[in-house]
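Here is the structure we will look at, set down as structure tokens.
The values are calculated or read from the model by the stated rules, or taken from the named source; none is laboratory data. Since we're looking at a predicted model, the values are computed, not measured. Note: areas computed on protein heavy atoms with side chains; ligands, DNA, RNA excluded. Shrake-Rupley method; radii C 1.70, N 1.55, O 1.52, S 1.80 Å.
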Amino acid sequence: MLQKLCCNECDVPPGRIVYTQMLNARGGIESDLTVLRSTVDEFFIRHADRITYVSVVNDPVYLAEPWIR
């Protein structure tokens, strides 16, 4: 899911941090963020002053909701 929403490669080994932008359906930038891959299926996404925990297995809709229109 992150690979489709972000413009940088997020499929990195656990423990790596990626700076990227999250894109909308038209390819426009929605937000600047950093992504920490903590395990194979878990990520921490930092945007401005918020940190969000996302499990790819349990939360795929959470990532997609803002961009589904």
Quiz item: Taking the stretch 6-36 on its own, how many of its residues are open to solvent by 80 Å² or more (accessible area, probe 1.4 Å) and of a type outside the set (D, E)?
Solution: 6
Quiz item: Is it the case that the stretch 51-69 has a residue that's among the aromatic types (F, W, Y), at pLDDT below 70 and open to solvent by less than 70 Å² (accessible area, probe 1.4 Å)?
Solution: yes
Quiz item: Of all residues in the stretch 37-50 being open to solvent by less than 50 Å² (accessible area, probe 1.4 Å) and within 9 Å of the chain's Cα centre (by Cα), which is modelled with the lowest pLDDT?
Solution: I45
